[in-house]
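Derivation of every value follows stated rules applied to the coordinates shown; laboratory data play no part. As the structure is a prediction and not an experimental result, all values here were calculated from the model. Because the Cβ atoms are built from the backbone with ideal geometry, glycine has one as well, and the counts that use them run over all protein chains shown.
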Amino acid sequence: MTVSPDAIGWLASAVLIATLIRQIVKQQQDKEAAGVSKWLFIGQCAASAGFVAYSILVGNWVFIVTNSAVLATAIVGQALVAKRKKARSQA
């Protein structure tokens, strides 16, 4: 049985995205809204955007989808932390 390289890539992508979604859920449940540092978020977004551009240039759909999803999870995660911090400061 031969496993295609793309199948391995898509499986790895699914595992990574599931892990990141779980992290977002955990951050959302954090009453202190500690989240991640602003600089980690900025660095992750910059790197992810660069990887998306690179993936498009080389035409690799596994990485285009994965890196786009990683960028989206970073943005969603940070937005949820910011929302929680704002709500906590208004309370």
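Selection of first residues in the range 2-31 that are exposed (fewer than 10 other Cβ atoms within 10 Å of the Cβ) and of second residues that are part of a helix (DSSP H, G or I) and β-branched (Val, Ile, Thr), restricted to Cβ pairs under 9 Å at least 6 apart or on distinct chains, gives the following pairs, ordered by first then second residue: Pro5/Val62.
Being surrounded by 12 or more Cβ atoms within 10 Å (Cβ to Cβ) and not acidic (Asp, Glu): is that true of Lys38 here? Walk me through it before giving the result.
Numbers: surrounded by 12 or more Cβ atoms within 10 Å (Cβ to Cβ): no; not acidic (Asp, Glu): yes.
So Lys38 fails the test.
For the range 42-79, the set of residues classified as farther than 16 Å from Leu16 by Cα and surrounded by 18 or more Cβ atoms within 10 Å (Cβ to Cβ) consists of Ser55, Gln78, listed by residue number.
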